[in-house]
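The structure under discussion appears below in the form of structure tokens.
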Amino acid sequence: MKKSYLIIGLAALLAIGLAATVWAVTSHPSSTSSKNSKQSKSSKQGLPAGVKTTDWDLVLVNKQHSRSSEMSFEQGHVGDKAVNAKIQQAVVDFMNGAQQAGYATTLVSGYRSIEYQKEVFANVLASNKAKGMSDEAAEKATKAVVQTPGSSEHQTGLAIDLAGNDALAKYPGLDGAMDQFASQQWLIKHAPEYGFILRYGSTKEDRRETGIAYESWHFRYVGVKNAEYITKHHLTLEAYLAQVKKQNS
């Protein structure tokens, strides 16, 4: 008899414990579901936390997002080149990092006004015509390597043309082939550590998305977390911003 009572008692305790467990799980479904949903979304997207398309370091300027007026921002200087003051130290650190690795570099260009970009475009256009190109061919060739005035991100002060001195000595007019030099390879590889990306890549997809041919010397500041993600996933700035927009919509 005692054994029967003991078995009945244990069964009752197990039933009570099971009921309590079910109640605990079912009484807070929203918080558990919400947590799992957020974790799933975060791991699926993998984008840097808190990033927005309106962040100052992600401003987009290209042929599809051109500007008719000059942008206003505080300027800083690295040598005789102007840049957005917010990235002045990053540029200095980037160049110092290369120097410490054994590579002397030259900051070829930083901020350019729309008016100055007009001069750059006109000079390259004239050079192409001097090579015997027709007006149409010369303009097409120029647009492949130089942004039209108002669509160059140099006007943001966040873009720089940076080259290893040895690469620049062989290609003073700047050329994608500068990446054959170890100095340029170092700049391309380590750019994300300082918040920069190689802006115009070498693939057909890169060119389709940016509208610009490969430039092994053109770096754009986007911040370290963005730069590391963009580089790791082989994205253009245009493609990255599309992902950010989708995530935040």
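Bear in mind these aren't lab numbers, they're just calculated from the coordinates by the rules spelled out. The model shown is predicted, which means the values in this text are computed figures rather than measured ones. Every residue, glycine as well, gets a Cβ built from its backbone with ideal geometry; the counts of neighbours run over all protein chains shown.
Hey, for a label at A182 modelled as a point 7 Å past Cα toward Cβ, could you say which residues of the range 103-124 have their backbone N under 18 Å away? What the label zone holds, given the 18 Å backbone N cut-off, is 103-106. In loop segments of the range 108-144 as defined by DSSP, the trypsin sites (Lys or Arg not before Pro) with at most 16 further C-beta atoms inside 10 Å of their C-beta are K131. Counting Lys +1, Arg +1, Asp -1, Glu -1, what net charge surrounds Y171 among other residues with beta carbon under 13 Å of its beta carbon? Residues close to Y171 contribute a combined charge of -4. Taking each residue as 0.36 nm, the span from T53 to E119 lengthens on full extension beyond its C-alpha to C-alpha distance by 20.7 nm.
Starting from the 7 Å offset along Cα-to-Cβ, what nm value, one decimal, do you get for the label separation of E238 and E70? Roughly 2.8 nm, to one decimal. Taking label positions 7 Å along the Cα-Cβ direction at both Q99 and T203, the computed distance is 3.6 nm, reported to one decimal. Net charge in the neighbourhood of W186 (other residues with Cβ under 15 Å of its Cβ; Lys, Arg +1, Asp, Glu -1) is -3. Counting Lys and Arg as +1 and Asp and Glu as -1 over every other residue whose Cβ lies under 15 Å from the Cβ of G150, the net charge comes to +1. The simple spin-label model puts a point 7 Å past each Cα toward its Cβ; for K131 and S249 those points are separated by 4.0 nm.
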